[in-house]
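Worksheet: one structure, shown below.
Read-outs: derived from the displayed coordinates by stated rules, not from any lab. Model, not experiment: these values are computed from the prediction. Cβ coordinates were reconstructed from backbone atoms using ideal geometry, including for glycine residues, and neighbour counts include every protein chain displayed.
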Amino acid sequence: MQPDNYFLMTNLCGLLIQDNKKEEARKYYEKYLVKNGGEEMEDKASYVDSLLNISICVRDTPEE
């Protein structure tokens, strides 16, 4: 897989979310943010979108 490719990563995560694997999707989003510099990312839209999707995954994941 291409870990720097935001479009591939979001498509994969979208499928995981549809399959109710939100925790796995969250991990992919977090890895993407860490690998690409987080707050310092040049592509601010991808950064904000990743944060929003992480919040959706966390919100919809039951606490253990």
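Annotations
- Simple Cβ-charge dipole of the chain, Lys/Arg +1 and Asp/Glu -1, about Cα centre, in debye nearest 20: 120 debye
- Take the Cα of Glu30, step 7 Å toward its Cβ, do the same at Ser55, and the gap between the two points is 1.8 nm.
- Helix 6-18 vs. the chain, principal-axis angle (Cα, 0 to 90°, nearest 10): 10 degrees
- Principal-axis analysis of the Cα atoms of the chain puts helix 44-59 at an angle of about 10° to the longest axis.
- Using C-alpha pairs below 8 Å separated by at least 6 residues, the relative contact order for the chain is 35 percent.
- Across the chain, the volume of the C-alpha convex hull divided among the residues equals 81 Å³ per residue.
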